């Protein structure tokens, strides 16, 4: 049995990726049936497009059911667009401007909570270190006070011993 590797044009690849993207948002199985391209090839192309930062759900779901990475890619793509470009982008992708804004806000909140958690962990670690250092400092202050007291006593003893010999 001989396996032949089929070659597809870039136009064919772009066409099927558009079918998997919004607003058509067809599933991989549907696109395979329509285009005649094997599902495995479509999954590979979708993976490559995602890695390149494109929004290619290809799962037949509405935008609210997209994966977080796909939502993030859409927010990034739309970040630098003015109002008119943003409206066109949203029409092309089958999105609402409000959806993109909500996703952007959710991403900011998620990033803020992660940094807050990291800050809280760092503060807890710092507090623990401060307590350890304060404990060590108290121990050393006691040792120093004890040493100073012993030094004073030893000098008094020497002074008494020397006075005692003279008498």
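The values are calculated or read from the model by the stated rules, or taken from the named source; none is laboratory data. Only a predicted model underlies this, so the values are computations on that prediction, with no experimental measurement involved. Glycine also receives a Cβ, built like all others from the backbone with ideal geometry; neighbour counts cover every protein chain displayed.
Output the residues belonging to the stretch 55-69 that are assigned to a helix (DSSP H, G or I) and either surrounded by 21 or more Cβ atoms within 10 Å (Cβ to Cβ) or modelled with pLDDT under 75 (or both).
If the condition is that a residue be assigned to a helix (DSSP H, G or I) and either surrounded by 21 or more Cβ atoms within 10 Å (Cβ to Cβ) or modelled with pLDDT under 75 (or both), then 63, 64, 65 are the ones that fit.
Could you say which residue among 52, 73, 87 is out of contact with any strand residue (DSSP E or B) (no Cβ under 8 Å at 6 or more places or on another chain), modelled with pLDDT under 85 and under 18 Å from residue 107 (Cα atoms)?
Answer to the selection: 73.
Take the stretch 77-87 and flag every residue that is surrounded by 12 or more Cβ atoms within 10 Å (Cβ to Cβ) and closer than 21 Å to residue 24 by Cα.
77, 78, 86, 87
Name the residues in the stretch 98-113 that are over 14 Å from the mean Cα position of the chain (by Cα) and either more than 13 Å from residue 74 (Cβ to Cβ) or loosely packed, with under 15 Cβ neighbours inside 10 Å (or both), would you?
Residues satisfying the conditions are 98, 101, 102, 105.
Which residues, taken from the stretch 82-95, are in contact with a helix residue (DSSP H, G or I) (Cβ under 6 Å, 6 or more places away or on another chain) and not in a helix (DSSP H, G or I)?
Answer for the stretch 82-95, where residues must be in contact with a helix residue (DSSP H, G or I) (Cβ under 6 Å, 6 or more places away or on another chain) and not in a helix (DSSP H, G or I): just 95.
How many of the residues making up the stretch 6-21 are in a helix (DSSP H, G or I), under 19 Å from residue 93 (Cα atoms) and in contact with a helix residue (DSSP H, G or I) (Cβ under 9 Å, 6 or more places away or on another chain)?
6
Scanning the stretch 22-45 for residues that are in a helix (DSSP H, G or I) and crowded, with 20+ Cβ neighbours inside 10 Å, which turns out nearest to the chain's Cα centre (by Cα)?
45
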